Amino acid sequence: MHTMEHALSGVRVLVTRPRAQAEALVAGLERCGAEAIVAPTTRVVGAEDPEPLQRAVERAGSYDWIVFTSVNGVRFFWEVFHESGLDAGTLEGVRFGCVGPSTAGALSEHGFVADAVPSEYVAEAVVDAVLDAEARFSTGKAQPLEGVRILLPLAAGARPVLAEGLAAHGAVVDRVEAYRSIPDTRCAVELRRRIASGEVDVITFTASSTVDSFVAVVGTEVGRAVVAAIGPITARTARRHGLPVEIVAEEYTIDGLLRALVRRFRSEPDAPNGV
């Protein structure tokens, strides 16, 4: 990141992700010299019906795999796990999959190491990573996942591709809502004003849920701002809403998003004053 210092000097970047998860992006932007405008348009809360997750957590030791697709999935799973008075020993023999290094890092804080982390941080790649790992653990099967029980603690409305992909290889998949994202309207009026007055150079989206909430709270008017997405799925959601996405990270991480911003603004030296 040292080579990126001051690369975004003077660029005003809107951070729409929940405040509790904004720290890494804000710190990275500030290291690059940008002004980070933290204005969450979404809040992450527990599942509307907590019972399915509670039941799944109580029998978590009966699964062969637990696969997490976000830091929030890890957070809410373990909150319920500890509230239930369960001991980590009940998960002996359970393997863990994570969508990327941030999620794997969150898992490690609870004393477990991910057995499968794909090199591309999307649900489709998680299927291949779990397949490869299971093939190493269980030899001799025509289908490595045949009969393997997998728990997926997911966001409400999560794409079905992961559950369907695992099931297509013979796995028995329990898909459980662990949390949901809801619009946060507290910054709505100020956000609309700043966008309309040209005070925002870049609007960043780090998940489809942040796009949906932004549109629900602010609308689709982005003024002169450039729209940046952490990856192609988030970009697709934004474009579906009619938002003009111009920057898409090649690596679907916060660091990847920062690098994509630096590439854009280094190639346009006058960008902060007229994107």
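Once you compute Rg and the Kirkwood Rh from C-alpha atoms, what is the Rg to Rh ratio for the chain?
Taking Rg over the Kirkwood Rh, I get 1.01.
With the simple spin-label model, which puts each label point 7 Å out from Cα in the Cβ direction, the Glu58 to His169 separation comes to 3.1 nm. Protein heavy-atom surface of the chain, 1.4 angstrom probe: 49% of the accessible area is carbon and sulfur, with nucleic acids and ligands not counted. Here the Karplus relation 6.51 cos²θ - 1.76 cosθ + 1.60, evaluated at θ = phi - 60°, turns the backbone of the stretch 244-254 into coupling constants of x, 6, 10, 10, 10, 5, 7, 10, 7, 9, 4 Hz, with x for every Gly and Pro.
Taking GluC sites (Glu not before Pro) across the stretch 117-187, the ones in a DSSP loop with at most 15 further Cβ atoms lying within 10 angstrom of their Cβ are Glu120, Glu146.
Placing +1 on the Cβ of every Lys and Arg and -1 on the Cβ of every Asp and Glu, with nothing else charged, gives the chain a dipole about its Cα centre of roughly 720 debye.
For Glu35, nonlocal amide neighbours, meaning residues 5 or more places apart or on other chains whose placed amide H falls under 5 Å from its own, are Gly10, Val11, Arg12, Val13. Entry for the stretch 1-41 at q = 0.25, 0.29, 0.35 Å⁻¹: log10 I(q)/I(0) = -0.75, -0.91, -1.12, Debye formula applied to identical alpha-carbon scatterers, no solvent contribution.
Among Leu166, Ala235, Pro18, whose Cα lies farthest out toward the positive end of the dipole of the chain, if unit charges sit on the beta carbon of Lys, Arg (+1) and Asp, Glu (-1)? The residue sitting farthest along the positive end of the dipole is Ala235. Considering only Ala60, Ala178, Val45, and ranking their Cα positions along the charge dipole of the chain that arises from unit charges at the beta-carbon of Lys, Arg, Asp and Glu, the one farthest toward the positive end is Val45.
Output the antiparallel fraction of DSSP beta bridges having both residues in the chain, as a percent to the nearest 5. The answer is about 15 percent antiparallel. Taking θ as phi - 60° and the Karplus parameters 6.51, -1.76 and 1.60, the scalar couplings of the stretch 204-209 work out to 9, 10, 10, 6, 4, 5 Hz in sequence order, x denoting glycine and proline.
Rolling a 1.4 Å probe across all protein chains gives Val80 an accessible area of roughly 20 Å². For Ala178, the amide hydrogen comes within under 5 Å of the amide hydrogens of Leu154, Ala155, Ala156, counting only partners 5 or more places away or on other chains and with H modelled in the peptide plane.
Under 5 Å between amide hydrogens, built in the peptide plane, is the criterion, and for Ala22 it picks out nothing among residues at least 5 positions away or on other chains. Stretched out straight at 0.36 nm per residue, the stretch from Val161 to Leu86 would grow longer than its current Cα-Cα span by 24.0 nm. Whole-Hz Karplus values for the stretch 13-21 come out as 10, 7, 9, 9, 6, x, 4, 5, 10 Hz, taken residue by residue from phi with 6.51 cos²θ - 1.76 cosθ + 1.60 and θ = phi - 60°; glycine and proline positions read x. Only DSSP H runs of four or more residues enter the estimate; each adds -39500 (n - 2.57), and after division by the residues of the chain the mean residue ellipticity at 222 nm equals -11000 deg cm²/dmol. Counting Lys and Arg as +1 and Asp and Glu as -1 over every other residue whose Cβ lies under 11 Å from the Cβ of Ala158, the net charge comes to +2.
The label-point distance for Arg240 and Glu30, in a model that sets each label 7 Å from Cα toward Cβ, rounds to 3.5 nm.
The values are calculated or read from the model by the stated rules, or taken from the named source; none is laboratory data. Remember, it's a predicted structure, so these values are computed and weren't measured experimentally. Methodologically, a virtual Cβ is constructed for each residue, glycine included, from the backbone with ideal geometry; neighbour enumeration extends over all protein chains shown. The protein model used for the area step is the full one, side chains on, heavy atoms only, and it has no ligands, DNA or RNA in it. Shrake-Rupley method; radii C 1.70, N 1.55, O 1.52, S 1.80 Å.
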